[in-house]
Amino acid sequence: MNLLITGGAGFIGSWFVRAALRDELPGLSGVHVTVLDKLTYAGNFANLGPVAEHPRLDFVPGDITDTALVNAIMGRHDHVVHFAAESHVDRSIASSDEFARTNLLGTQVLLDAALRHDITRFVHVSTDEVYGSIPTGSWRENSPVAPNSPYAATKAGADLLALAYHRTHGLPVTVTRCANNYGPYQHPEKLIPRFVTNLLSGRTVPLYGDGQQVRDWVHVSDHCRATALVLTAGRPGEVYHIGGDKALTNKGLTGLLLRACGADWESVVTVEDRKGHDRRYALEDGKIRRELGYRPEVEFAQGLAETVQWYRDHEEWWRPLVID
Ligand code: NAD
């Protein structure tokens, strides 16, 4: 299998690449991997450091909106996993240009090239945020998308485009929608690494509004294993939810992070809530469990403790990325 991975130098994509090259992902043993990544502020070649010299890895620095480049590469591959995106909600509120360009136009360029080059399988990696907010219960794969942030709106648009390429052209696309990820190598602008790196630096952490926003957490390794299952055995044209097993309010999560970092509530500053902040996300993920045998394997308390320890041990990785 020749696998093209977009965004493979980011948080989740780099875990997928490292795991694939170590033959740790189901159905992907011996896979040859090409990473196409623009190395934006969020992409970091150091994330691939442990496998940088691997004989089955090619790294192509470049933009997924570059039609000529994408077409030149696509022909050498039979499978695609599309992680590349602008991914930070707060940045999309400040300015959504790059979100529309990368998340919408970039996905369209990839889908077109995949069609032209007869790609066997294309996984479009998406998020639970496309559904908006749900006060009780959980979304199923056929729930309507109703995104609230510009980030989520561009992801929802890309999902619809991907599904349209299946319906219109028969392109073998599957869409995954995953809950919030955590783990090593996540950019310190995101909640868990931001809070951990602030607390380890003796600084305060900002908690949005009343902190009662509910998110479900999944370890990045579980997300990547689920993605590999969808790539090799998912049904084209289908959406698959990937849930964690740990729903927490942001305030509850903050309490756990304070304890893990040896700090207390004196380190927390309440700040004005994010504009349009979704209150609650919840995915019903019985489909991937029934059809593909997926179960999250990383128990949250252990995964979180290991993640905090990783940031303790890798200050040289995150210190240059801290913005404020
Ligand atoms: P990330 O921001 O850490 O990484 C994104 C990567 O994409 C970076 O390496 C960046 O350089 C690259 N990139 C950005 N624009 C590009 C472009 N125009 N051309 C080529 N490369 C480009 O993101 P992440 O958290 O690893 O998320 C990966 C995917 O998973 C995204 O599609 C995101 O929507 C989705 N997702 C993330 C989460 C989460 O909790 N982080 C949850 C569900 C789904």
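The values are calculated or read from the model by the stated rules, or taken from the named source; none is laboratory data. All figures in this text were calculated on a predicted structure; none of them were measured in a lab. Positions of Cβ are generated from backbone atoms using ideal geometry, with glycine treated the same way; all protein chains shown enter the neighbour counts. In case anyone asks, the SASA skips ligands and DNA or RNA and just uses the protein heavy atoms, side chains included. Shrake-Rupley method; radii C 1.70, N 1.55, O 1.52, S 1.80 Å.
Within segment 294-323, can you find the residues that are open to solvent by less than 40 Å² (accessible area, probe 1.4 Å) and within 18 Å of the chain's Cα centre (by Cα)?
Tyr294, Pro296, Phe300, Gly303, Leu304, Thr307
Let me spell it out: the conditions are (1) in contact (Cβ under 8 Å) with a residue 40 or more places away in the chain; (2) closer than 19 Å to Ala158 by Cβ; (3) open to solvent by less than 30 Å² (accessible area, probe 1.4 Å), and Gly62 meets all of them except one. Which number is the exception?
(1)
Name the residue, out of Val230, Val298, that is in contact with a Ser or Thr (Cβ under 7 Å, 6 or more places away or on another chain) and in a loop (DSSP other than H, G, I, E, B).
Of Val230, Val298, the one residue that is in contact with a Ser or Thr (Cβ under 7 Å, 6 or more places away or on another chain) and in a loop (DSSP other than H, G, I, E, B) is Val298.
Out of curiosity, is Glu291 closer than 25 Å to His241 by Cα, part of a helix (DSSP H, G or I) and more than 20 Å from the chain's Cα centre (by Cα)?
yes
So that you can scan it fast, the table gives a plain yes or no per residue for (1) within 14 Å of the ligand (Cβ to nearest atom); (2) outside the structural domain of Pro236 (by TED's automatic domain parsing); (3) within 19 Å of Phe122 (Cα to Cα):
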{"residue": "Leu39", "(1), (2), (3)": "yes, no, no"}
{"residue": "Asn44", "(1), (2), (3)": "yes, no, no"}
{"residue": "Pro55", "(1), (2), (3)": "no, no, no"}
{"residue": "Pro61", "(1), (2), (3)": "yes, no, no"}
{"residue": "Leu69", "(1), (2), (3)": "yes, no, yes"}
{"residue": "Val80", "(1), (2), (3)": "yes, no, yes"}
{"residue": "Ala84", "(1), (2), (3)": "yes, no, yes"}
{"residue": "Phe99", "(1), (2), (3)": "yes, no, no"}
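For the structure I just gave you, tell me whether Pro150 is touching a helix residue (DSSP H, G or I) at 6+ places or on another chain (Cβ under 6 Å), away from the ligand (no atom under 12 Å from the Cβ) and open to solvent by 10 Å² or more (accessible area, probe 1.4 Å).
yes
Please verify whether Val109 is in contact with a Ser or Thr (Cβ under 6 Å, 6 or more places away or on another chain) and within 26 Å of Asp222 (Cβ to Cβ), treating the condition exactly as stated.
No, not satisfied.
Is there any pair linking a residue in segment 1-16 that is under 14 Å from Ile64 (Cα atoms) and of a type in the set (D, E, K, R) to one that is in a loop (DSSP other than H, G, I, E, B) and more than 10 Å from the ligand (Cβ to nearest atom), with Cβ under 6 Å and at least six apart or on different chains, and which?
none
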